[in-house]
Every structure is written in C-alpha cells, then in structure tokens.
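Written below as structure tokens is the structure these notes are about.
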Amino acid sequence: MRQEFWFHHPFRVRYSEVDAQAVVFNAHYLTYFDTAITEYFRALGYDYLGEVARTGVDFHLVRSVVEYRAPIRFDEEIDVCVRVAKIGRSSITLALAILAKGSDDLRSTGEIVWVCTDQRTHSPVAVAEPLRALIASREKALAQA
C-alpha cells in the first residue's frame, strides 16, 4: 500500500482528537486528509495561495469519502499518504490512505474530488496546464497515461 504513494505526512494523535471510545473521532479523518493534501501541494512546489490570488481560480470540494478500516488511538503516530489518482478537464481526484507510522498497517482510505472553479462566477474551469505538468512530474501513473 505505502509504495503506491510518493508523499506521506506524519501526525501524532492528540487527546482532543479521540472520542468516548478512545479512538480518533470520525470527523478528524477529513482534517488529517485536508492537512496532508495541503502539504502534498507544498511538496510539489505549487504555490496554492499565490495561484488563487493571481488567477482567481480555486478548487471546490465536491466529494469526500472516508473508509474506516481499523481504529487509530490517542498518541499513535500515523502517516497520511496522498496521491493524485486522476485529473479530468476541471477536476482532480486525490486518493488517500492512513497507515501506522512506517508500516503498511492500513487504518483508513479516502477519496477527495476537487473541481477547479472561477471564484467570480463559481463556474468550473479547466485545470491549468502548469499544474497538470507539475502533478504528472511526480505521479508515475499519470505521467504514463
């Protein structure tokens, strides 16, 4: 599983993230995903905020899926893995996995779909070619497609 992702972002579960059953509360998985996606784009060298300010184009979340495979507990160290699975005309589909630190012990999988949108009209626009090229430079499956 881990080898499917070039990018991994580490977390340590905080006490405030667990519920009465002493496992990570379900909503925090999306926070882990969102933070790891931000770090993924930073690792790519993509200036997300700069591009939004320059172009007026940003992404809208249109789909989020979380599959819970095994509990994650307080103070546990985890890696959130991110990759771009698909780029459509105006959309980016991100695949995610949460693993125990340094292992293939799968705790959760997820999918996030973003649509590239003109922020003045809120209408979909094409994903910019420079961003496509940047992603393809790191994502082997996309570069070969």
Taking 0.36 nm per residue of separation and subtracting the Cα-Cα distance, what length does fully extending TYR15 through ARG132 add?
38.3 nm
Evaluate the distance, in nm, between pseudo-label points positioned 7 Å from the Cα of TRP6 and of VAL65 along their respective Cα→Cβ axes.
2.4
What ranking, highest mean first, results for peptides 66-72, 15-21, 104-110 when packing means the other Cβ atoms within 10 Å averaged over each residue?
104-110, 66-72, 15-21
Taking the radius of gyration and the Kirkwood hydrodynamic radius from Cα positions alone, what is the Rg/Rh ratio for region 1-80, to two decimal places?
1.03
Put one equal scatterer on each alpha carbon of the chain, apply the Debye formula with no solvent term, and list log10 I(q)/I(0) at q = 0.16 1/Å to two decimals.
-0.87
With charges set only on the Cβ (+1 for Lys and Arg, -1 for Asp and Glu), what does the dipole of region 2-144 come to about its Cα centre, in debye to the nearest 20?
320
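Where a number appears in this text, it was derived from the coordinates with a stated rule and is not lab data. Small disclaimer: the values here were computed from a predicted structure and weren't measured. As a convention, Cβ positions derive from the backbone with ideal geometry for all residues, glycine included, and neighbour counts pool all protein chains shown.
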